[in-house]
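Visitor: Below are the structure tokens for one structure; questions will follow.
The values are calculated or read from the model by the stated rules, or taken from the named source; none is laboratory data. Just so you know, these numbers come straight off a predicted model, no measurement behind them. For neighbour counting, all protein chains shown are included, and Cβ atoms are generated from backbone atoms with ideal geometry for every residue, glycine included. Protein only, heavy atoms only, side chains kept; ligands, DNA and RNA dropped before computing areas. Shrake-Rupley method; radii C 1.70, N 1.55, O 1.52, S 1.80 Å.
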Amino acid sequence: MNSFHYYILFSLIIEMVIILFISYKKKSKLLPMYGMVISMAFAMNIGLTIGVLFGSLHQGNLFFSTIISMFSGILVGLLCGIGLGLLSTVEGSMTGMMGGMMGAMLGDMIQISQSSVLLIILLTFSICSLLMYLILPNKDNKDYKIDNWLWFVKPLLILVVLSSYLLFGFNLSKDAMWNRQKDNGMLRHKEAGMKE
């Protein structure tokens with residue numbers, strides 16, 4: 001694992017902490033169906049990301065990466081749904097398991113150089129899923145209306161912070177790919193020298 005992989009894992013752990021905090025805080029304000037939708041979306045996005053990460057790290061050993069990704073997805077689904085109720089927990093764990101399996105297969109099939117781009121895309125989707133808490137209406141405020149023209153400041157600020165964070169991750173992935181290519185070039189050079 002390199003710094004980019006740790007960046008992805010750290011981002012997902014921070015996202016899980018945020019999800020747990022917001023879920024417990026918003027549980028009483030969300031309709032049960034909204035809780036199920038939220039837990040499924042989080043579990044699928046995070047499960048896919050974890051699956052691609054482990055699938056690309058353990059290419060050639062699909063069984064191992066699938067098992068790790070499945071159980072990680074189940075754990076993520078449980079954590080996503082536990083603050084929103086029993087049905088959300090069940091839906092989240094099953095969706096997380098499915099996302100982990102699919103991600104592991106995808107991570108095993110693609111080239112390692114492509115996995116960095118895919119991981120950034122999936123991380124973007126999973127972080128953007130947090131906006132569902134802001135989009136879905138509360139039980140007591142079904143007819144939500146925007147009264148102030150400054151409503152766009154919060155989404156704009158979120159966009160700037162999120163873009164900066166993801167740009168940092170993309171730069172880490174480029175550095176990791178360059179180091180990997182450099183190491184592969186040195187290895188080939190050594191192998192060519194040994195053959196002579």
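Visitor: At a 1.4 Å probe, what is the % contribution of carbon and sulfur to the accessible area of region 1-138?
Guide: On the way: 4970 of 6340 Å².
C and S atoms contribute 78 percent here.
Visitor: Also: Which of the three applies to region 1-119, rounded, prolate or oblate, going by the alpha-carbon gyration tensor with a ≥ b ≥ c and a/c under 1.5 meaning rounded? Numbers along the way, then the final one.
Guide: On the way: a/c = 2.83, a/b = 1.92, b/c = 1.47.
Prolate is the answer for region 1-119, as a/c is 1.5 or above and a/b outweighs b/c.
Visitor: What do the square roots of 5 times the Cα gyration tensor eigenvalues come to for region 71-120, in whole Å, largest first, as semi-axes of the equivalent ellipsoid?
Guide: Details: eigenvalues 144, 20, 8 Å².
Square roots of five times the eigenvalues give 27, 10, 6 Å.
Visitor: Moving to a separate point now. So what J values fall out for region 82-92 if you push phi through Karplus, 6.51 cos²θ - 1.76 cosθ + 1.60 with θ = phi - 60°, rounded to Hz, Gly and Pro as x?
Guide: Working through the residues one at a time gives 4, x, 10, x, 5, 4, 5, 5, 5, 4, x Hz.
Visitor: May I have the convex hull volume per residue, in Å³, for the Cα set of region 55-100? Present the calculation step by step, with values, prior to reporting the outcome.
Guide: Numbers: hull volume 2.3 nm³, N = 46.
Each residue corresponds to 49 Å³ of Cα convex hull volume.
Visitor: A further question follows. Can you figure out the FRET efficiency of Ser113 with Leu156, using R₀ = 35 Å and their beta-carbon distance, to the nearest 0.05? Please report the intermediate quantities before stating the final value.
Guide: On the way: r = 33 Å, r/R0 = 0.96.
The computed FRET efficiency comes out at 0.55.
Visitor: Right, something else. Gain in length, Asn2 to Lys27, computed as 0.36 nm per residue apart minus the alpha-carbon separation, to one decimal in nm? Before the final figure, lay out each step's value.
Guide: Working: separation 25, 0.36 × 25 = 9.00 nm, distance 3.72 nm.
Separation in residues times 0.36 nm, less the Cα-Cα distance, equals 5.3 nm.
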